[in-house]
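Bear in mind these aren't lab numbers, they're just calculated from the coordinates by the rules spelled out. All figures in this text were calculated on a predicted structure; none of them were measured in a lab. We place every Cβ from the backbone using ideal geometry, glycine too, and count neighbours over all the protein chains shown.
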Amino acid sequence: MLGLFLALPASAQDGEPILIRFAHVVADDTPKGKGALLFKQLAEQRLPGKVKVEVYPNSTLYGDGDEMQALLDGKVELLAPSLSKFDRYTKKLQLFDLPFLFDDAEAVKRFGRREKSRELLRSMVGHGISGLAYWSNGLKQLSADRPLLLPADARGVSFRIQNSAVLQSQFEALGAQPVRLAFGAMYQALESGQVQGAENPWSNIVSQKVHTVQSHIVESNHGVLHYMLITNTQFWNGLPYAIRVELDGIVEEVTQVVNAEAEALNARDRARIVASGQTKLITLSAEQRAAWREAMLPVWKLYEDEIGADVIRAALAVNRNR
Ligand code: LMR
């Protein structure tokens, strides 16, 4: 009962603006970080005195370990975890972790507009979590303290992974050692040698300074790291109607900006890494990339039942329509 009470928005009628706390784990100057700030700007501009948005980046309010529970407890109103972090609440979103599923980031965006992925936004409502939108970041690159040209080079290497069973299987398929660690702990783990490698999009590599503690980055583009903007279902549904409609429109607008700019931000950060000269960038030949694909592909079969063959088919169809 207490949980229900906490999740309801403070009414704007008592003169106080409704507080929306948006916590996330990355830096401001990343696709998600910028999206959160734009949401704040537009919401406070268009709903002056009615809504106040506080953005907490870099795990400063909540991090990977506690942010979902905080959302359910009404201690924060918006999060945008990567799609890898939901398997406690739905197995279907494991789809996005399947290696080499999408041809490129554009295909992921196209899928985000399809009916099947819209359904997935509602897949956690039973737990009190509503998906509002998909936000793009980009494709992941492997990095390590050594060159990884072929899958065999990853054997025995420990990699920091997000809290995801699919990603665990992906590295086990290589004979590597996946270690689940919160995003906020990654840099330290790499720097101290607790783990030897990682997988990240360019924006997270730069903002976490991964390239300063990894001697090699392989441009593998082997998987995606995108987000779902989520809220507490009861909080969102309990908002005064006119405010909710305005906020829904703002979410839509911010989503378009984030998704239009994510690729350019990642390209900018890739260029920064090259310019820094602090790590060696490895470009794979077509044969080498095919070898990684072949080594990781058996993971699909392991998760097909949990995710649903229909969901996987719907995602693959987006590739074929290019
Ligand atoms: C990670 O944990 O590597 C990412 O999910 C962090 C993020 O939010 O981009």
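Quick one: compute the contact order of the chain, relative version, from alpha carbon pairs under 8 angstrom and 6+ residues apart, as a percent.
Working: 610 pairs, mean separation 82.2, N = 322.
Here the relative contact order equals 26 percent.
Return the single residue from LEU101, LEU247, LEU47 with maximal mean-square fluctuation; model: Gaussian network over the chain, springs between Cα atoms under 10 Å.
Greatest mean-square fluctuation among the candidates belongs to LEU47.
Quick check: Cα centre of the range 24-39 to Cα centre of the range 88-149, how many Å?
18 Å
Between the alpha-carbon centers of the range 160-226 and the range 261-285, tell me the distance in whole angstrom.
16 Å
GNM, the chain, Cα, under 10 Å: largest mean-square fluctuation among VAL245, VAL51, VAL125?
VAL245
Tell me which residues come under 5 Å, amide H to amide H, from SER215 once H is placed; ignore anything under 5 positions away on its chain.
Here the answer is ALA144, ASP145, ARG146, since their amide H atoms fall under 5 Å of that of SER215.
Give me the net charge for the shell around MET186: Cβ to Cβ below 12 angstrom, other residues only, Lys and Arg +1, Asp and Glu -1. Kindly include the intermediate steps, with their values, before the conclusion.
Numbers: positive: ARG160, ARG180, LYS209; negative: ASP64, GLU191, GLU199.
Around MET186, the charge tally is 0.
Enumerate the amide H contacts of PHE100 below 5 Å, restricted to partners 5 or more residues apart or on another chain; note that Pro and chain-start residues carry no placed amide H.
Hits under the 5 Å cutoff: GLY223.
Based solely on C-alpha atoms, express the radius of gyration and the Dmax of the chain in angstrom.
19.7, 65
If you take the beta carbon distance between SER285 and ALA264 as r and set R0 to 22 Å, what does 1/(1 + (r/R0)^6) give as a FRET efficiency, to the nearest 0.05?
Working: r = 27 Å, r/R0 = 1.21.
Calculated value: 0.25.
From the residues ALA286, ALA271, VAL108, which one has its Cα farthest along the dipole of the chain in the positive direction, the dipole being from +1 and -1 charges on Cβ of Lys/Arg and Asp/Glu about the Cα centre?
The Cα lying farthest towards the positive end belongs to ALA286.
List the DSSP H helices in the chain whose Cα atoms stretch 18 Å or more along the helix axis and whose mean Kyte-Doolittle hydropathy is at least 0.0. Let's see the in-between values first.
Numbers: long enough: 31-46 (22 Å, -0.71); 241-276 (50 Å, 0.08).
Taking the DSSP H segments of the chain (at least 18 Å long, mean hydropathy at least 0.0), we get 241-276.
First measure r as the distance between the Cβ atoms of ARG180 and GLN45, then evaluate 1/(1 + (r/R0)^6) with R0 = 45 Å and state the FRET efficiency to the nearest 0.05. Don't skip to the end; give the middle numbers.
On the way: r = 40 Å, r/R0 = 0.88.
Efficiency at R0 = 45 Å is approximately 0.70.
Once every DSSP H run of n ≥ 4 in the chain is given -39500 (n - 2.57) and the sum is divided by its residues, what mean residue ellipticity at 222 nm do you get, rounded to the nearest 500 deg cm²/dmol? Mind showing how you got there, number by number?
Numbers: 13 runs with 139 residues, N = 322.
Estimated from H runs of four or more residues: -13000 deg cm²/dmol.
Check each of the trypsin sites (Lys or Arg not before Pro) in the range 72-175 and keep only those in coil by DSSP with at most 16 other C-beta atoms within 10 angstrom; list them in order.
Numbers: sites: LYS75, LYS85, ARG88, LYS91, LYS92, LYS109, ARG110, ARG113, ARG114, LYS116, ARG118, ARG122, LYS140, ARG155, ARG160; in loops: LYS75, ARG88, LYS91, ARG113, ARG114, ARG122, LYS140, ARG155.
Here the trypsin sites (Lys or Arg not before Pro) that fit, given the DSSP loop and packing criteria, are ARG88, ARG113, ARG114, ARG122, ARG155.
Using modelled backbone amide H atoms (1.01 Å from N, in-plane), which distant-in-sequence or interchain residues come within less than 5 Å of VAL55's amide H?
Hits under the 5 Å cutoff: PHE22.
Nearest 0.05, what FRET efficiency do LEU19 and ARG293 give at R0 = 51 Å with Cβ-Cβ as r?
E between LEU19 and ARG293, to the nearest 0.05, is 0.65.
Can you bin the range 240-322 into rounded, prolate or oblate? Criterion: square roots of the alpha carbon gyration tensor eigenvalues sorted a ≥ b ≥ c, rounded for a/c under 1.5, prolate for a/b above b/c, oblate for the rest.
Working: a/c = 2.90, a/b = 1.22, b/c = 2.37.
Cα axes put the range 240-322 in the oblate bin.
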